[in-house]
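Coordinate-derived values only; no laboratory data. Please read all numbers here as calculations on a predicted model, not as lab measurements. Using ideal geometry, Cβ is built from the backbone for each residue, glycine included, and neighbour counts are taken over all protein chains shown.
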Amino acid sequence: MSDRAAILKKLLASLGLGHYPQSLINGELIDGEGSGDGNAISGSTSSDVIELIDPYTEQLLCSYNDAGATLAHRACIAASDAQVQWYKNFSAAARGQVMQDVSRNILDKLETLATIESIVAGKPIRDSRVEVAKVAEMLAYYAGWADKLHGEVIPVPSGHLNYTVREPLGVVFQSTPWNAPIFTAGWQIAPAIAAGNGVVIKPSELTPLTTVALVKLAEEAGLVKGLVNVLCGTGPVSSVPAIEHAAVRKVVFVGSPETGKKVAITAARALKPVVLELGGKSANIEFDDANLEHACLGAQAAIFSAAGQSCVAGSRLLVQESALDAMIEMLSTGMNKISLGDPLDVATEIGPISNARQYTHVNAMLEAAALDGAQIATRNAQYESGYFVPPTVLSGLTHSAKAAQLEIFGPVVTAIPFKDEADAIALANETDFGLAGAVWTQDVGRAHRVAEAVRAGTFWINSYKAIHVSSPFGGSLSSGFGRSSGTDALMEYTAAKSVWLDSAETPRIAFGYVPS
Ligand code: NAD
């Protein structure tokens, strides 16, 4: 066992977990049963035995069995039973109180959770700490909503008393990716349970441990066992049977557009609604009247933080042509100062790419860019081990080049010049995606015009990556549909029931519509 595998084992033991991922169903940790194929793989999606590889040392951390259909069914039944208990036996205020207790328990275990995340996902410890703290914040935020989710009285013309109730859906299935595992789990679990739902969640097979730990800590803090169940395994083997299960009423998927389509098709066959939070190719637009120093720092944060493995990464840097050379030079100088290294080192700003599959993809995209004639500014550095890709700026490409159109999901930015405001807006919208974007300018009117014209669910002015659980988040086109965060997420996790009461002495009954 490697040193880091030993550290991981100790940390997991301190939370009452085994040293490899087990599904958590009805409060019980259970080994996966798999699909029956029995092939060992590394980070693949079609087998029974899944290996977790440390992206920094490239050594095996642990391996485990895919959950499989039987466990998926058990998880759905457990969530269904617990949901009734959670919604009927707890007052709304009591549900909020439990969520506050869960939030505190997460904060108490922040360091342990963050360290597990950094070892498995290769995320710098400073980022992991922030993401765990944000999970606690999300739980506290939605705890406050639990007893404020009420309907309205509608003055219908017939004189009936007509009121609405926002009801939970029942059981929701959630699927999350590997790039921000505990953050994404908390992001979706918190509004779902605040609204009174049960949950079956399947984290990425590459990073399941912190989601299991989160739910275990939630149960220790008083969450009804079985209300949230975690399936550790792959999509085809463990998600599909859950999506198809009769108890599941909605599917919330966070991941790539390619998988999102498959999930939407599986859900559609069973007539289930979906929310899709998918990828992006966000335009970060820099006008020559911007404070270029700030704009450069913003561009670095937009694409190099999290090693570019962020759905909102500012991967298309659109720069007004008069400022392009200066910006590329500033970026190139700046990226040499970014500290790459061990995710567990507090000084590290960028860790390795999170897994071998993604590392291969990023390198293939860099090769494609070179073939398309890109000028490549990067740091020449040797790494003893680890899936490292240094910050890289591509220039000299047309906007239709692969590197400017496809999601790279690595620390690679494509710099493209534009002439004027109209050109910038046209280029920004020349994409299949619609997730995020930003503009840097000192002209307030232009900032608002561009914010209005660019197709994006989130847009920043002289800023990048500012997000908060209270503000809606989501995309359009290949970036998906539906909204997470804020009150929008609560609407996604509830349905309105309309209740009509006739208080007239002689009830207004008629064949057909009741006359108003
Ligand atoms: P992915 O689509 O490969 O996997 C996401 C999830 O889907 C995983 O849990 C995986 O096990 C599961 N899955 C895989 N095949 C499946 C199938 N056939 N049926 C059902 N489930 C299946 O994505 P990824 O590589 O884990 O994550 C990176 C992607 O996620 C990027 O595109 C990124 O932009 C996106 N992302 C989006 C947001 C957002 O909020 N919009 C946030 C984070 C990441």
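Listing for the model above:
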{"quantity": "Förster radius 41 Å - calculated FRET efficiency between A466 and S400, Cβ distance, rounded to 0.05", "calculated": "0.85"}
{"quantity": "Along the chain, longest interval not containing exposed GluC sites (Glu not before Pro), exposed being DSSP loop plus at most 12 other Cβ atoms within 10 Å", "calculated": "153-383"}
{"quantity": "Where the Cα pairs of the range 257-375 fall when distances are cut into 5 Å bins, in %", "calculated": "2, 9, 14, 17, 19, 14, 10, 7, 4, 3, 1"}
{"quantity": "Gained length - E452 relative to A326, 0.36 nm times residue gap less alpha-carbon distance", "calculated": "42.6 nm"}
{"quantity": "Net charge over other residues, Cβ less than 12 angstrom from the Cβ of S80 (K, R count +1; D, E count -1)", "calculated": "+1"}
{"quantity": "Ranking of M365, M327, M491 by count of other Cβ atoms within 10 Å, fewest first", "calculated": "M491, M365, M327"}
{"quantity": "Calculated SAXS-style log₁₀ I(q)/I(0) at q = 0.13, 0.14, 0.15, 0.16 Å⁻¹ - the range 417-509, Debye, Cα scatterers", "calculated": "-0.57, -0.63, -0.68, -0.75"}
{"quantity": "Difference of contour (0.36 nm per residue) and Cα-Cα distance, M1 to A246", "calculated": "84.0 nm"}
{"quantity": "Contour minus Cα-Cα distance for D288 and L107 (0.36 nm per residue)", "calculated": "60.8 nm"}
{"quantity": "Separation of alpha-carbon centers, the range 100-150 and the range 208-244, rounded to whole Å", "calculated": "16 Å"}
{"quantity": "Sorted largest first, extent of the range 51-138 alpha carbons per principal axis (Å)", "calculated": "49, 34, 14"}
{"quantity": "The range 183-265: relative contact order as a whole-number percent, Cα under 8 Å and 6+ apart", "calculated": "27 percent"}
{"quantity": "The range 138-206 - Kirkwood radius from inverse mean 1/r over Cα pairs (Å)", "calculated": "14.1 Å"}
{"quantity": "Point-charge dipole on Cβ atoms (K/R +1, D/E -1) for the chain, about Cα centre, debye to 20", "calculated": "1220 debye"}
{"quantity": "Residue among P177, T506, A93 farthest towards the positive dipole end of the chain, charges placed on Cβ", "calculated": "T506"}
{"quantity": "Positive dipole terminus of the chain, leading residue within L60, A247, V199 (C-beta point charges)", "calculated": "A247"}
{"quantity": "At R0 = 41 Å, FRET efficiency that the Cβ-Cβ distance of E505 and H150 yields, to 0.05", "calculated": "0.90"}
{"quantity": "Exposed-loop-free span, longest in the chain, where trypsin sites (Lys or Arg not before Pro) count as exposed if DSSP calls them loop and at most 16 other C-beta atoms lie within 10 Å", "calculated": "149-336"}
{"quantity": "Scattering profile of the range 202-266 at q = 0.11, 0.13, 0.28, 0.29 Å⁻¹ [log10 I(q)/I(0), Debye over alpha-carbon scatterers]", "calculated": "-0.29, -0.41, -1.28, -1.30"}
{"quantity": "Ratio Rg/Rh [Cα only; Rh per Kirkwood] for the chain", "calculated": "1.01"}
